[in-house]
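The values are calculated or read from the model by the stated rules, or taken from the named source; none is laboratory data. Being a predicted model, the structure only gives us computed values, none of them experimental. Every residue, glycine as well, gets a Cβ built from its backbone with ideal geometry; the counts of neighbours run over all protein chains shown.
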Amino acid sequence: MSVLLTLSHLWGAVARSDHEVTGTAASAAVAARAATAARASQAARASSAAKAARGGAASKAARGGAASKATRGASAGKVRSTKTSSGEAKGKAGGKAGGKPRTRKVELRTATLSAERSHWGDHSFTYKAPGLHFSDSWSMAAPVVLAKYSPIASAVALDGAYLRAIFGSLAMVLPVLGFLVGLTAGISSHGLTTPFSVGIFASLLVAGLFDAAIGLFGSLGVLVTTIAFGSIFSLTGFTTIVVVASLWSGLGVMVGKVRLFVKDTPEHVAAWYERAGDIVIGSLLIYYLALKFIGLLSGAHDSLVAVNDAAEPLALTLLVATVVKYLLTTAVSHFYPQRLIAVYPTVLPSRARHITITSLIARALAALLVFVAFLGFNWLVILLLALYLVDVIVPDLVKPTNQPTWLGLVVPSNLGKILFLSIASAISFFALQDTFTSGQQLVTVSLIMVMIVAIINNVAAARWPSAREVPHVVLYAGGIMIAILTLMQLTDHLVVA
């Protein structure tokens with residue numbers, strides 16, 4: 001997540017300063033996006049091992065490949081915990097901070113969503129269409145099975161679980177409809193070579209936010225047509241389908257790692273405060289990312305220029321849709337608690353070591369191929385690849401401290417890390433803009449500097465994952481201040497490159 005925001009920030013700065021290299025800078029940004037797409041589900045880990053809950057009951061470091069983050073409430077704080085494979089009796093996090101434990105609990109608290117608690121939605125007719133048993137079984141099994149091989153695929157499968165809690169098997173039809181809509185639109189645009197319908201683009205953009213599987217299948221439908229018409233085999237065609245797929249199926253998943261959609265029903269003031277923060281920050285992050293990435297679209301023969309021109313209204317539409325999704329998932333956890341248990345797995349296994357190693361090699365090769373395709377084969381590309389591997393491997397090797405420390409409080413994480421790295425990207429741009437005249441080199445070298453800073457931050461967070469308790473007033477005031485500063489930075493009202 002933080003890398004994506006950094007790329008968007010750098011791209012905007014280059015576009016403002018040098019119109020002649022705008023296309024090159026955009027290509028570099030998209031190349032980096034494609035190279036890091038496989039790591040989208042590890043956005044929280046890019047923010048390093050999650051910090052322990054600040055204030056309240058016992059602090060536990062929320063570690064794992066999923067987006068773990070510490071809750072900010074007093075004794076009301078709800079923290080995800082991890083367990084080792086030797087059994088749940090251990091009840092402690094397994095592995096090093098930032099690493100992958102054997103299993104990890106997601107944000108739903110089984111104590112709250114227990115067999116004793118139910119509501120009217122659990123007895124309603126809304127989910128009782130034919131095929132309920134199959135859809136419930138698939139919804140529980142798919143994220144668990146996919147988590148063994150691909151965290152991002154698991155996150156996509158899990159994203160629409162709340163819809164299956166409400167509508168049962170009917171929600172399974174939506175991805176199929178998404179594929180048909182994408183296929184039809186792709187054929188109409190001759191594989192993204194003639195003007196693409198803004199209405200269809202907006203429909204799949206919003207539908208993909210509510211269920212990433214809809215956007216993914218819609219992207220697959222368009223991909224089929226780009227292969228059939230041959231447009232995928234050009235640089236423009238490839239980058240276009242990558243950005244489109246990221247917008248349709250990746251935005252909600254990525255932002256959901258920073259501010260989770262599915263949570264326990266808020267039961268006290270602190271929980272409602274945190275939920276309000278999810279709504280405000282998550283929706284504004286969606287708006288920012290959508291605005292920046294839609295701004296990268298043009299397509300072959302300007303097939304997506306109309307979409308590019310509508311970037312702001314599309315981003316605003318997505319902002320409103322994000323607020324609706326947060327409210328809807330909150331309502332589902334309250335009115336459909338038993339249904340949510342039936343479709344939302346509370347534990348996800350990590351990948352076996354050999355699969356992790358294979359995935360690492362495959363991602364490294366993919367990153368190398370994409371960067372070479374866009375930036376050529378040079379020392380900058382080799383350095384980017386090396387930093388990519390360091391960022392993936394080194395935090396797993398760091399041994400975390402067991403005791404909460406003040407360092408755990410000051411090391412940026414989650415939203416604080418987004419603020420930290422976006423400011424770092426602006427500073428790096430200032431420092432390098434007089435040295436490099438090429439927009440491509442400026443983006444690449446700036447990204448290298450920011451990645452080095454991010455690695456240092458990740459290692460520090462892995463070493464000191466637990467923060468000391470602070471007064472609640474300080475905690476809340478600090479959270480509000482970080483949120484305000486982050487939004488100011490992302491909207492170019494703080495440190496402007």
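Across the range 427-439, the qualifying residues are those that are crowded, with 22+ Cβ neighbours inside 10 Å and within 26 Å of the chain's Cα centre (by Cα), and the one among them that is modelled with the highest pLDDT is SER428.
The residue list ALA290, ALA321 contains one member that is within 17 Å of the chain's Cα centre (by Cα), buried (at least 23 other Cβ atoms within 10 Å of the Cβ) and in a helix (DSSP H, G or I), which is ALA290. Contact map, the range 134-161: first residue in contact (Cβ under 8 Å) with a residue 40 or more places away in the chain, second residue among the polar types (S, T, N, Q) and not in a helix (DSSP H, G or I), Cβ cut-off under 8 Å, separation 6 or more or different chains; pairs are ALA147/SER350; LYS148/SER350. Filtering VAL394, VAL370 for residues that are in contact with a helix residue (DSSP H, G or I) (Cβ under 7 Å, 6 or more places away or on another chain) and at pLDDT below 80 leaves a single hit, VAL370.
Residues in the range 460-496 that are outside any helix (DSSP H, G or I) and among the hydrophobic types (A, V, I, L, M, F, W, C) were compared, and the one that is modelled with the highest pLDDT is TRP464. Of all residues in the range 391-402, those that are assigned to a helix (DSSP H, G or I) and surrounded by 16 or more Cβ atoms within 10 Å (Cβ to Cβ) total 4.
When ILE355 is tested against (1) of a type outside the set (S, T, N, Q); (2) buried (at least 18 other Cβ atoms within 10 Å of the Cβ); (3) farther than 30 Å from GLY282 by Cβ, exactly one condition is not met: (2). Here the condition is being touching a Gly at 6+ places or on another chain (Cβ under 8 Å) and of a type in the set (Lys, Arg); of ARG463, ARG468, it holds for ARG468 alone.
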